[in-house]
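**Student:** There's a structure below that I have some questions on.
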Amino acid sequence: SKGTYEFYMLKEIDEQPGVMRRLSQDYLDENGEPLVDQKIVDAVANADRIYIFAAGTSYHAGLVGKDLFEKYTGIPTEVGYASEAGYHFPIMSKRPLFIFLSQSGETADSRVVLKEANKRGITSLTMTNVEGSTLSREADFTMLLKAGPEIAVASTKAYTAQIALQAILAKAVGEKLANQDAKDFDLKHQLALAAEGIQEIVDGKERFAELAKKYLIASRNAFYIGRGIDHAVALEGALKLKEVSYIQTEGFAAAELKHGTISLIEDGTPVIALINDPVTADLTRGNIQEVTSRGASVITIVGKQFAKENDDVVLPDLNYYLSPLLTVVPTQLLAYYASKEKGLDVDKPRNLAKSVTVE
Ligand code: F6R
């Protein structure tokens, strides 16, 4: 039940620290070693390429998963829209392993890809929140997200659970492959930091109501920008905001705006900039300058180590590859408050259903 909450979306945002702790407890032992079915670890470790298929928010979690798998296992990883791959099947490596990310486990677009994979004898793993769901039953292996029921149409805690679970699997597989980065990856500690960090952000949620009111609700459009792993979060932040507030929002690789889209920046156009990538932090600052000088109202969401005096939101420290676990939370809260302040039905945006069982 919603309890004292007006909408499930905020309740589910608030549940994320608990989800991080549960995943850590259930999938990591007291020494931080992964507790993942050995058959799954062996199957992934044996692959020469990982292919992740999903839709919407789960696809965006897959973009983060790509970086996690490549960093900690060394296995090249591709991410595709299930809806596209189903009818334009990618060229396969010799030993492919498919991962399906799906909160509901019922997404029709993903089922098409899985059917084809089964026809071809490709090993598959479904990460889902729903035990016994179709994608779980039809795949060789399942790992459960354990996020608890997600009721709001806009996905929040399933996204962060998908990232954490992919990190757990990446560490398990990487250790099996004697990957030094995987051995050194103190995931138990990092997930504890993630839980604390998310808690700190949601405890300050009023700030996001203010920002949404000041910068977003009167605008017909908005942009999210970021580089590296922040680009993936920019796509998710944009989907969340447009989905529940109806403010048309696009996520961009920060430097790409100037290759065309910057012509849409006017006085007061909201641009939300994400900075967690040490390699490109200064370059993104440059891109903020470019849009500011053309009139944009910029909101900065920045990891502590990159923070400057005038940044709007400063995120607690976290491993770069897990930073989306924190960065996404302000984007969820901005979306929530923009929708709520506009008087919309936050949990049930128009034209949408919780699970999409048509192609
Ligand atoms: C957006 C959202 C959708 C779903 C997508 C996939 O907030 O919820 O984009 O992520 O429809 O759904 P699942 O994960 O159930 O396969």
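The values are calculated or read from the model by the stated rules, or taken from the named source; none is laboratory data. All figures in this text were calculated on a predicted structure; none of them were measured in a lab. Quick reminder, even Gly has a Cβ in these numbers, built from the backbone with ideal geometry, and neighbours come from all protein chains shown. When the accessible area is computed, the model is the full protein with side chains, heavy atoms only, and any ligands, DNA or RNA have been set aside. Shrake-Rupley method; radii C 1.70, N 1.55, O 1.52, S 1.80 Å.
**Student:** For Tyr8, which of the numbered conditions (1) open to solvent by less than 30 Å² (accessible area, probe 1.4 Å); (2) within 15 Å of the ligand (Cβ to nearest atom) fails to hold?
**Tutor:** (1)
**Student:** Can you pull out the residues in the range 205-262 that are surrounded by fewer than 24 Cβ atoms within 10 Å (Cβ to Cβ), part of a helix (DSSP H, G or I) and within 16 Å of the ligand (Cβ to nearest atom)?
**Tutor:** Matches in the range 205-262: Leu235, Leu239, Lys242, Glu243.
**Student:** Next up: What number of residues in the range 107-137 are crowded, with 19+ Cβ neighbours inside 10 Å and of a type in the set (Gly, Ala, Ser)?
**Tutor:** 5
**Student:** Under 6 Å between Cβ atoms, at least 6 apart or on separate chains: pull out the pairs that start in the range 323-340 with a residue that is under 13 Å from Gly303 (Cβ atoms) and among the hydrophobic types (A, V, I, L, M, F, W, C) and end on any residue that is open to solvent by 10 Å² or more (accessible area, probe 1.4 Å) and not in a helix (DSSP H, G or I).
**Tutor:** Filtered contacts from the range 323-340: Leu326/Leu318.
**Student:** When the residues of the range 151-174 are narrowed to those that are open to solvent by 10 Å² or more (accessible area, probe 1.4 Å) and within 11 Å of the ligand (Cβ to nearest atom), which ends up farthest from the chain's Cα centre (by Cα)?
**Tutor:** Val153
**Student:** Now a separate question. With out of contact with any Pro (no Cβ under 7 Å at 6 or more places or on another chain), more than 19 Å from Lys157 (Cβ to Cβ) and within 16 Å of the ligand (Cβ to nearest atom) as the only criterion, which of Glu341, Glu359 stands out? Please lay out each step first, then the result.
**Tutor:** On the way: Glu341 fails: within 16 Å of the ligand (Cβ to nearest atom).
Exactly one residue qualifies, and that residue is Glu359.
**Student:** Filter the range 34-54 down to the residues that are open to solvent by less than 70 Å² (accessible area, probe 1.4 Å) and touching a residue at least 60 places away in the same chain (Cβ under 8 Å) and list them by number.
**Tutor:** Hits for the range 34-54 are Pro34, Val36, Ile40, Val41, Asp42, Ala43, Val44, Ala45, Ala47, Phe53.
**Student:** Separate question: Could you please find all residues in the range 46-67 being among the polar types (S, T, N, Q) and either more than 13 Å from Ile163 (Cα to Cα) or away from the ligand (no atom under 16 Å from the Cβ) (or both)?
**Tutor:** Asn46
**Student:** To continue, here is another question. Just checking, how many residues over the range 135-152 are in contact with a helix residue (DSSP H, G or I) (Cβ under 6 Å, 6 or more places away or on another chain) and not hydrophobic (A, V, I, L, M, F, W, C)?
**Tutor:** Result for the range 135-152: 4.
**Student:** Scan the range 86-106 for residues that are open to solvent by less than 20 Å² (accessible area, probe 1.4 Å) and within 14 Å of the ligand (Cβ to nearest atom) and jot them down.
**Tutor:** Residues of the range 86-106 open to solvent by less than 20 Å² (accessible area, probe 1.4 Å): 86, 97-102, 104-105.
Once the filter is applied, which keeps residues that are open to solvent by less than 20 Å² (accessible area, probe 1.4 Å) and within 14 Å of the ligand (Cβ to nearest atom), the range 86-106 yields Gly86, Ile99, Phe100, Leu101, Ser102, Ser104, Gly105.
**Student:** Quick check on Tyr246: is it under 21 Å from the mean Cα position of the chain (by Cα) and either aromatic (Phe, Trp, Tyr) or at positive phi (or both)?
**Tutor:** Values: under 21 Å from the mean Cα position of the chain (by Cα): yes; either aromatic (Phe, Trp, Tyr) or at positive phi (or both): yes.
Taking the combined requirement at face value, the residue satisfies it.
**Student:** Filter the range 68-85 down to the residues that are open to solvent by 40 Å² or more (accessible area, probe 1.4 Å) and either assigned to a helix (DSSP H, G or I) or within 14 Å of the ligand (Cβ to nearest atom) (or both) and list them by number. Break it down stepwise before answering.
**Tutor:** Taking the range 68-85 first, the residues open to solvent by 40 Å² or more (accessible area, probe 1.4 Å) are 70-71, 74, 76, 78, 81, 83-84.
Correct list: Glu70, Lys71, Tyr81, Ser83, Glu84.
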